[in-house]
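The values are calculated or read from the model by the stated rules, or taken from the named source; none is laboratory data. Every value quoted in this text rests on a predicted model; they were computed, and no experiment measured them. FYI the Cβ positions are ideal-geometry reconstructions off the backbone, even for glycines, and counts take in every protein chain you see. Heads up: the accessible areas ignore ligands, DNA and RNA and are worked out on the full protein's heavy atoms, side chains in. Shrake-Rupley method; radii C 1.70, N 1.55, O 1.52, S 1.80 Å.
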Amino acid sequence: MKDGNRFIFRDTAIRHYALGRARPVLPQFASARLTTRLWVLTGILLGGGVLTWFIRIPVYASGVGVGDGNRIAVFLPDEERFRIHVGQKAFCTFNKTSGRVGRTLIAIDSQVASPADVHTRFKLTDAVGAEITKPVVIAFVNLEPLPGNLPASAYAGSVYRVDVEVGTMRAISLLPFINRFSQ
C-alpha cells in the first residue's frame, strides 16, 4: 500500500493492529454478576450436601398401643425385637387433634407373641385385633401423666399410635441411590 514512496498507514497503527491480532481474546458469554451468582449457588448446594451428610434424623418403629390400666401395651412388629430396649423414647398420639406425647419404655416382654395370644391376653376389640396380624413384641409405657384432667381408668381400652425411636440415620440417606453409600 504505497502511494509513491509513502505508506498510507502510520507505523503505530500497524504495530497496534499486529499486537491486537497476536493477543487471544476470549468471548464473554456471561457477565461478572451472573458468574458471581452461579458461584454462590454452587457454594450453597455444596454446603447443603455437606450438611445433609452430617445431620442425623431419628428412625422409628411404629405400632399400635392399647390402654391397659395405668400403662399402655405397645405392639411392635417382630422384626424390631432386637432394636428396642427399656429406656427408649416412645411417642404416643392420644387423638388426632393433639400432638405426640413422649414417654419412656418401662418393660418389654421377652417372648414374641402371636396374634392369637395378644387377642386373648388383652381382650382386644375387632378393630384393634384386625391391625395385629403378625407376631409382635409387646412393650409397655406409663400412661400417666395424662393430657387433660381425666384419670387413667378413663383411657382403658383406648387405642393409640405409638412410635418408638430405635436409632438415627443420616439425612442424605433419604435421597434415592445415595442411601447405599451413606451407611
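In this structure, does Arg15 turn out to be modelled with pLDDT under 90, more than 39 Å from the chain's Cα centre (by Cα) and open to solvent by 100 Å² or more (accessible area, probe 1.4 Å)?
yes
Take the residues in the stretch 119-128 that are farther than 22 Å from Leu105 by Cα and in contact (Cβ under 8 Å) with a residue 12 or more places away in the chain, then tell me which one is surrounded by the fewest Cβ atoms within 10 Å (Cβ to Cβ).
Ala127
Ala30 - would you say it is assigned to a loop (DSSP other than H, G, I, E, B) and either touching a residue at least 60 places away in the same chain (Cβ under 8 Å) or of a type outside the set (Lys, Arg) (or both)?
Yes: the conditions hold for Ala30.
Can you tell me which residues in the stretch 125-171 are at pLDDT below 75 and within 23 Å of Val86 (Cβ to Cβ)?
Pro145, Leu146, Ala152, Tyr155 - these are the residues of the stretch 125-171 that are at pLDDT below 75 and within 23 Å of Val86 (Cβ to Cβ).
Any idea which residue in the stretch 69-103 is modelled with the highest pLDDT, counting only those that are open to solvent by 60 Å² or more (accessible area, probe 1.4 Å) and part of a strand (DSSP E or B)?
Per the criteria, the residue is Lys89.
Taking the stretch 129-146, which residues are open to solvent by 60 Å² or more (accessible area, probe 1.4 Å) and either touching a residue at least 40 places away in the same chain (Cβ under 8 Å) or within 30 Å of Arg56 (Cβ to Cβ) (or both)?
Glu131, Lys134, Pro135, Asn142, Glu144, Pro145 - these are the residues of the stretch 129-146 that are open to solvent by 60 Å² or more (accessible area, probe 1.4 Å) and either touching a residue at least 40 places away in the same chain (Cβ under 8 Å) or within 30 Å of Arg56 (Cβ to Cβ) (or both).
Please determine, by comparing only the residues of the stretch 160-174 that are among the hydrophobic types (A, V, I, L, M, F, W, C) and surrounded by 20 or more Cβ atoms within 10 Å (Cβ to Cβ), which one is farthest from Gly48 (Cα to Cα).
Val162
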